[in-house]
Amino acid sequence: MYKVLVIEDDVMMSNMLSMYLTEEGYQVSQAFRGDEGLQLAGSVMPDLILLDLILPDVDGIEVCLEVRKTSNVPIMILSMKSEVSERVQALKSGADDYLCKPFSMHELTARAEALIRRSNVIYGESAVAVAAESPSMASPEMIQLDVERRLLLVRGQLVETTFSEYELMKLFLAHPGKVFSREELINAIRGFDSFVTDRAIDVHIVNLRKKIELNPKEPRLIRTVWGFGYKYTALVST
């Protein structure tokens with residue numbers, strides 16, 4: 001049984017979410033304050049966090065940032081705020097999805113199932129090096145996946161990622177040199193129709209570049225293909 005943590009100060013909304021998700025087979029924990037939510041996130045170890053942005057003690061963005069310091073659990077923002085700037089800020093803070101209130105419970109569960117399913121994929125290998133298949137495996141540009149812990153190994157150092165960042169990097173590493181449109185990248189991390197903009201992909205790419213590039217302002221690994229999308233270039237030292 002998958003565990004969902006609902007961090008929502010509106011008691012009626014929280015109870016409605018809890019009741020619906022429980023009927024769908026989830027084990028639900030509820031928090032009505034940000035500090036309580038952070039405590040439960042550490043003790044319950046949820047498979048998914050549903051997080052409201054407006055909380056009585058702390059902004060939901062701060063909660064998201066704190067969770068990301070210790071966990072890669074998928075985070076879905078539930079908010080009345082519909083501005084693009086709010087979505088972008090949430091994604092930059094480590095959120096994996098953003099759902100505006102009011103929303104359909106069917107859409108909520110569809111997104112929840114997709115996030116949990118993709119974050120719990122089990123692989124047969126503990127670490128897969130797919131950045132370069134040449135004798136130059138010691139290249140300073142080499143990026144690897146630690147698939148058991150869902151982390152990146154960047155030049156020998158483990159780097160934590162969000163769910164969406166990891167899925168994008170996994171796709172890039174599996175197809176070095178292939179040019180992906182933003183729509184293809186959206187489909188890769190969502191797996192179903194959901195409200196996510198091209199800008200959301202751009203934010204994820206910016207965050208990934210900060211984690212894997214030697215100089216994020218002059219990226220050599222994740223290249224922009226202007227007017228279309230992005231590609232990953234597996235560099236090897238010469």
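The values are calculated or read from the model by the stated rules, or taken from the named source; none is laboratory data. These figures come from a predicted structure and were not determined experimentally. Counting neighbours? That spans all protein chains shown, and the Cβs are built from the backbone with ideal geometry, glycine included. Ligands, DNA and RNA are excluded from the accessible area calculation, which covers all protein heavy atoms including side chains. Shrake-Rupley method; radii C 1.70, N 1.55, O 1.52, S 1.80 Å.
Here is how the numbers come out for the structure above:
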quantity	calculated
Of the criteria (1) in contact with a Gly (Cβ under 6 Å, 6 or more places away or on another chain); (2) open to solvent by 20 Å² or more (accessible area, probe 1.4 Å); (3) farther than 19 Å from Ile189 by Cβ, which one Arg68 fails	(3)
Inter-residue pairs, beta-carbon under 8 Å, first farther than 13 Å from Ile49 by Cα and in segment 100-118, second in a helix (DSSP H, G or I) and modelled with pLDDT under 85, 6+ apart	Ala114/Arg190; Arg118/Phe163; Arg118/Ile189
Condition check for Val73: of a type in the set (A, V, I, L, M, F, W, C) and in a helix (DSSP H, G or I)	no
Residue that is farthest from Asp35 (Cα to Cα), among those in segment 89-106 that are assigned to a helix (DSSP H, G or I), aliphatic (A, V, I, L, M) and within 13 Å of the chain's Cα centre (by Cα)	Leu91
Flag if Leu50 is under 19 Å from the mean Cα position of the chain (by Cα) and either outside any helix (DSSP H, G or I) or not polar (S, T, N, Q) (or both)	yes
Residue in segment 26-33 that is under 22 Å from Ile205 (Cα atoms), free of Cβ contacts under 8 Å to residues at least 60 places away in the same chain and touching a Ser or Thr at 6+ places or on another chain (Cβ under 9 Å) present	no
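For every residue, the table says whether it meets (1) in a loop (DSSP other than H, G, I, E, B); (2) among the hydroxyl-bearing types (Ser, Thr, Tyr); (3) at pLDDT 85 or above.
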| residue | (1), (2), (3) |
| --- | --- |
| Ser164 | no, yes, no |
| Glu167 | no, no, yes |
| Phe172 | no, no, yes |
| Gly177 | yes, no, yes |
| Ile186 | no, no, no |
| His204 | no, no, yes |
| Lys217 | yes, no, yes |
